[in-house]
Amino acid sequence: MDLKLEPLSQPATLNADKQPAASSISTCPKCKYQRRAADTAPAWQCPGCGVAYAKVAPTPATASSGSQRRASQRMDEDDDTPVVAERSPLGNARLVVGMLLLAMVVGVGWSWVAKRNAKKLQAEQAIAAERQQAIDQASGQLLTDKRLTEATQLFQTGRYEKALVALKPLMDEGNAQAMMLTGVMLTWGHSGAPKEPEQGQQWLQKAANAGSTMAWVWQGYFAELQGKNTGQMDAAVSYYSRAAQAGNGAGLYSMGRLVSTGLGVAKDPARAYSLYALAAKAFDRDVRASELAPRDSTGLGSAAAMMGLKSQLSPVDIVRSEELAKTWQPGNPLP
């Protein structure tokens, strides 16, 4: 019989997946024995305590499990971190185009609002300028009226020398009434005013050109004074007609007086009555006109002249003349 020396039992073969290689273990995990080269114990067994390394050594799975747990924890912690997705070149281009379009829209809108506000501001400034101009004109007119009233009072009370001094600045400003009054005083040449008929007539003509219809009345008045002596009444009739056709009360009265007496024109009581009626109506509209008219060409004279003509007219002529006076308008041919 052959006898063989074999161990009665051998430890089960370690699973290669679970047991670490013997060469990889030199220190016993249990007793910390440092393996020596002279030790005869198997590579899988500790020479010091005889324990199998595989029973006490940590398995890779355990170590990896710890690593996996730590990695899992880190992933769990990273779950709350915002994820920034990478943008493609096409997405970047769209973003840039969108921003440009938005900038263009904002720019156009701002430009429109700015222009609208600028126009609104210009309109407000224009309105404010017009209002200020109107205020300045009104203030200037009030001052002019005051100065003109004072000068007119000097003229009416016969203080011509002072009146001429007061009217000089107004004449320089082109005031028609001031030129008219100056022309009257220079033509008459009394009460302290120098007698300068030619210069006076020039100022009356300038006043008429500036819009003073009363200047025509005074030109007709002076022409009538000369015409009575020379028999030349054409100039007087011409000046009176201009003033009357413009609706001036003194001009209408003066023409009525000529027609009523037949001085320089054909005598016609019915026509004269119509002119007197028109004169009275004009003086009612402008009560101050009598203050600037010749003394015998006032509103009171018109009413008195109408009463004097009634005895010369039939009731039909009176009604017809009054109706004609109601329908006539300045600028139309005289009745």
What about Ala128, is it outside any loop (DSSP other than H, G, I, E, B) and surrounded by 17 or more Cβ atoms within 10 Å (Cβ to Cβ)?
no
Please tell me if Lys206 is basic (Lys, Arg), surrounded by 11 or more Cβ atoms within 10 Å (Cβ to Cβ) and closer than 24 Å to Gly247 by Cα.
yes
Could you list, in sequence order, all residues of the stretch 233-255 that are in a loop (DSSP other than H, G, I, E, B), within 44 Å of the chain's Cα centre (by Cα) and without any contact (Cβ under 8 Å) to a residue 60 or more places away in the chain?
Asn248
Of everything in the stretch 205-232, what is closer than 19 Å to Ala279 by Cβ, in a helix (DSSP H, G or I) and of a type outside the set (A, V, I, L, M)? Give them in sequence order.
Thr213, Trp216, Trp218, Gln219, Gly220, Tyr221, Glu224
Looking at the stretch 166-191, which of the residues that are over 16 Å from Ser212 (Cα atoms) and of a type in the set (S, T, N, Q) is farthest from the chain's Cα centre (by Cα)?
Ser191
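The numbers here are math on the coordinates, done by the rules we state, and not lab data. Just so we're clear, the structure is a prediction, and the values are computed from it rather than from any experiment. For neighbour counting, all protein chains shown are included, and Cβ atoms are generated from backbone atoms with ideal geometry for every residue, glycine included.
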